[in-house]
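A short worksheet on the structure shown next.
The values are calculated or read from the model by the stated rules, or taken from the named source; none is laboratory data. On a predicted model such as this, the values are computed, not experimentally measured, just so you know. Glycine gets a Cβ as well: all are built from the backbone with ideal geometry, and neighbour counts include every protein chain shown. The accessibility values were calculated without ligands, DNA or RNA, using every heavy atom of the protein model including side chains. Shrake-Rupley method; radii C 1.70, N 1.55, O 1.52, S 1.80 Å.
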Amino acid sequence: MDDRIVEFIRGLRAAGVRISLAESIDALHAVETLGVGEKGIFRQSLRATLVKESDDFQAFDELFPLYFGSGGPPMQNAAEELSEDEQEMLQAALSALSGRLQQLMDWLTSGEGPSKEELEELAQRAGAQWAQNPQEGHWITRRMLRQMGFEHLEELIQQLMQRLQEMGMSQDAIEKLMGVVQANREALAEQVAQQIGLQIAQDRAQRSDRLDTSDLMHKPFAALSEEEMEVLRREVRRLVTQLRSRAALRRKRGKKGKFDAKGTIRANQRYGGVPFEMRLKKKKLKPSLVLLCDVSRSTEAVVEFMLHLTQQLDDQVSKMSSFAFYDRLIPMPQDVMVLLGDQQGDAAFDAIRRLLPYRPYGTDLGNSLEIFCEKHLSTVTGRTTLIVLGDARNNFNSPRIDLVKELQRRARRLIWLNPEMETQWGTGDSDMLDYVPCCDAAYSVRNLAQLSTAVDRLLTGH
Amino acid sequence: MFQDINDVRERLGQQQYIASEEIGTVVYLAQSLCKPILAEGPAGVGKTELAKAWAGALQNPLVRLQCYEGLDESKALYEWEYAKQMLYTQLLRDTLHDFLGDAGSLAEAAGRLAQEEDVFFSESFLLPRPLLTALTSEEPVVLLIDEIDRADVEFEAFLLEVLSDFQVSIPELGTISARHQPMVLLTSNNTRELSEALKRRCLYLFVDYPSRESELDIVRLKVPGLSPDLARQAVEVVQQLRNMDLRKVPSISETLDWARALVALNARQIDEETMRNTLTVLLKYESDVARARRLMSNGGSQRPGQRPGPGQRPGGGQYGR
């Protein structure tokens, strides 16, 4: 039983449920305590110990019957209740059928379904090995049943009844026989469906080349497929929790600041000035962020994740404002942030495109910086961390280094996040190498792992 | 201590808490594996009540820690009672004077005082807060950590230490470990994601709105004054409201309030007028009330829209008061 549970846990993990070793041990302990006698309780003891997220209940509910199902309802032997004569008649009637159909009727009347090997071979032929997740099992099952001859079953039963009647079997016996065959037919279909579901789930658990989020984290944004983007979008939620607890812990440790003389005197007035309570200055560690995002095609993915991350982490920053630029600069519209929050990255970018229409070679960083300095300079103060997220490919427009220098002087820090590799900086129309000396730090953020490290550094506030 | 799952359900039932099999299983497992329970689910489905019933069933005291934003260790664990320390120093001034009076130098006096400072940092000046109370209690307790999702992430990390070893260290007194490991129930309304480390240490219980039958059972148990016919109608209305796209759908506590209101108003049947007068007991937003009224005046001809969100799972938590 333990093996089966461990297998089940592997199946769950393959379905995207995160289960630690400690939780698997808990599950085994729980089963030890409560036993496997009652299925409902067994199911609940596994769920309480393994699944800690109500979103994952669905995966659990899908997989549980596959791993711990009875393998479908049992089939009955129709021949048992027949007299010897009748059995002979049945055999004769069956032998008149052609190979594949004879086999099917044989299974249905004898109550002994196909053997495990036969099922596996059928599954193979139906293409079960190509299925990605148990939902696809329905298709495979249907295909398998068709191969087994289920679609001709109605006619077949009619034929068989007729032939048995001609042979002189009693109406009563025929009806009984057909009743059993009908029941067995449903049982067999159910058995096949369960077998296929299980097989697909197990295959998935064993497949090593499935989409692994930790690998995806290191895959460059530019190379991500739509499906992989989806996986990562879900991953962001977990990433945010991690970043947030790291930032919070850091702030907790950093709370012990310098001695606060004024605060101490004030706090101890109630003790007649005897200094009982010591007050420490709280360090202001929550940074205030201003984010300038290049929204050209080449940076879409990185901008989406950056905005998503910073938006989710807004309780870790004291203030946050973001701007989008392309050929000119606009404040990031509110509905874009809402769409991003709903994980609708494409719709969000459509909204931005409506305001900043796309045209080839349109990026003009110099102009955008000029607009920023004219209209929004007041957002940058001595406490602001200014972040520019873009590839600095300026289409040979003026880079306006002077404005960047000015901004760097005004802000607490100026950080440049570039989605290109460092060796590509300065090649072609990239002005990155000119910008780098003006920045307090410049990082390359080619993938989600690098991006989350960069955001983590931003939150440290120094 | 509970004998088995049925014992759990029975004894919770005696505390007027109708526990599903799921709840029974998880509570029993928490006891036998010595693990905290993390109960999640919408507000008002009886997560907090479960802790009360649990404590009642075991006849152990309940220690409750209500979480809120800004809750820190000193509010949750212990504080030094400054005022009392201050008062004692004032009252003992003469004794101190005698004690220190014959000291030759300031350094000697300070030295003597330092030897006695344990007096002022002893347990009698310690103000225990819920966590320390639960750890030092003479008998086993049920510790309810309510709405953990409202506390800051820092506090969650601190709680993790306490929940894994069941001991805390107080610099002046040393390490205090639990006399009896408390039974812990954490509740969360899922307003934010909890850290994985915390979830890993807990058994997970998702408490959802009850099915029609169990809700009817609860109403019958809690509001016996309501006629069975009316109770059925009332539950029916609430179940329908839950399927509507409302800002805040009524939970079990609101169903019970409404049932009590119906009894108080001596309602014979749930007609349009009774509905109009009492709908505000069930719905807490003006827009929701208006919406529900509009649908009701349509005579229910319009199918209520399916509420988006987590799937409707049968079973789940039951409320008791």
Protection proxy ranking, peptides B:282-289, B:90-97, A:45-52, average beta carbon neighbours within 10 Å, highest first: A:45-52, B:282-289, B:90-97
Average accessible area per residue (Å²) across the protein assembly as shown - probe 1.4 Å, nucleic acids and ligands excluded: 49
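Among residues other than residue A:348 whose Cβ falls under 12 Å from its Cβ, what is the net charge (Lys/Arg +1, Asp/Glu -1)? Spell out each step's value before the answer.
On the way: positive: A:233, A:353, A:354; negative: A:300, A:304, A:335, A:342, A:346, A:350.
Residues near residue A:348 contribute -3 overall.
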For residue A:280, which sequence-distant residues (separation of 5 or more, or a different chain) have an amide H within less than 5 Å of its own amide H, given hydrogens modelled in the peptide plane? A:260
Rank B:44, B:103, B:114 by how far each Cα sits towards the positive end of the charge dipole of segment B:1-127 (+1 on Lys, Arg Cβ; -1 on Asp, Glu Cβ) and give me just the farthest. B:44
Using 0.36 nm times the number of residues separating residue B:34 and residue B:1, minus their current alpha carbon distance, what extension gain do you get? 10.7 nm
Per residue of the protein assembly as shown, what 222 nm ellipticity follows from adding -39500 (n - 2.57) for every DSSP H run with n ≥ 4, rounded to the nearest 500? -16500 deg cm²/dmol
Rounded to the nearest 10 Å², the accessible area of residue A:402 using a 1.4 Å probe with every protein chain kept is 90
Once the Cα atoms of helix A:116-126 and of chain A are each reduced to a long axis, what angle between those two axes, in degrees from 0 to 90 to the nearest 10, is obtained? 60
Reduced to Cα centres, the span from segment B:1-42 to segment A:288-355 in Å works out to 46
So for chain A: antiparallel DSSP bridges make up what percent, rounded to the nearest 5? 20
If R₀ is 51 angstrom, what is the calculated FRET efficiency for the pair residue A:298 and residue B:271, using the beta carbon separation as r and rounding to 0.05? 0.20
R0 of 45 Å, Cβ-Cβ distance residue A:249-residue A:370: FRET efficiency to nearest 0.05: 0.65
Quote the relative contact order of segment A:2-68 in percent (integer), defining contacts as alpha-carbon pairs under 8 Å separated by 6+ residues. 38
Just checking the output field for B:189-199: average partner chain Cβ neighbours within 10 Å of each residue's Cβ? 4
How many square angstrom of accessible surface are buried between B and A, both sides summed, with a 1.4 Å probe and rounding to 100? 2900
Neighbour net charge for residue A:75 - beta-carbon separation under 11 angstrom, K R +1, D E -1: -2
Would you list which aspartates and glutamates come within 16 Å of residue B:47, measuring only between C-alpha atoms, while excluding same-chain residues fewer than 8 positions from it? B:21, B:22, B:146, B:147, B:149, B:208, B:215, B:254
Report which residues of segment B:136-157 become buried by 50 Å² or more of accessible surface when going from the isolated chain to the complete set of protein chains (1.4 Å probe; DNA, RNA and ligands ignored). B:153, B:154
Within 10 Å of each Cβ in B:96-103, how many Cβ atoms from other chains are there, averaged over the peptide? 0
Can you compute the modelled spin-label distance between residue A:21 and residue A:238, with each label point 7 Å from Cα toward Cβ, in nm? 1.8
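If we sort A:153-163, B:25-35 on the protection proxy, mean other Cβ atoms within 10 Å, highest first, what's the order?
The densest-packed peptide leads the list: B:25-35, A:153-163.
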In whole percent, what relative contact order does segment A:79-206 give with Cα contacts below 8 Å and a gap of six or more residues? 37
At residue A:378 and residue A:132, where each label point lies 7 Å from the Cα along Cα→Cβ, what is the point-to-point distance in nanometres? 5.1
Magnitude of the Cβ-charge dipole (Lys and Arg +1, Asp and Glu -1) of the protein assembly as shown about the Cα centre, nearest 20 debye, reported as 4060
Using the alpha-carbon centroid of each, what span in Å lies between segment A:413-432 and segment B:145-188? 47
Relative to the longest principal axis of chain A, what angle (0 to 90°, nearest 10) does the C-alpha long axis of helix A:345-355 take? 40
What are the residues of segment A:231-247 that lose 40 Å² or more of accessible area, with a 1.4 Å probe, going from their chain alone to all protein chains? A:241, A:244
Measuring from its Cα centre, chain A shows a charge dipole (+1 at each Lys and Arg Cβ, -1 at each Asp and Glu Cβ) which, in debye to the nearest 20, is 5360
Considering only the protein assembly as shown, what is the antiparallel percent among its DSSP beta bridges, to the nearest 5? 25
Prolate/oblate/rounded label for the protein assembly as shown (Cα gyration tensor, a/c 1.5): oblate
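Take the solvent-accessible surface of the protein heavy atoms, probe 1.4 Å, and return the percent of it on the protein assembly as shown that carbon and sulfur atoms account for.
48
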Using the Cα atoms of chain A to build a convex hull, what is its mean projected area in square nanometres? 34.4
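Where the eigenvalues come from the Cα gyration tensor of segment A:334-391, what are the semi-axes √(5λ) of the equivalent ellipsoid, largest first, in whole Å?
They are 24, 18, 10 Å, listed from largest to smallest.
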With a Förster distance of 22 angstrom and the Cβ-Cβ distance between residue A:269 and residue B:121, calculated FRET efficiency to the nearest 0.05 equals 0.45
With angles folded into 0 to 90 degrees, how steeply does helix A:365-375 sit against the dominant principal axis of chain A? Use alpha carbons for both and round to 10. 60
Given springs between every Cα pair under 10 Å in a Gaussian network model of chain B, which of B:220, B:293, B:112 has the largest fluctuation? B:112
Between residue B:197 and residue A:434, what is the spin-label point distance in nm, taking each point 7 Å from the Cα along the Cα→C-beta axis? 4.7
Partner chain coverage, peptide A:52-59 - average Cβ within 10 angstrom: 5
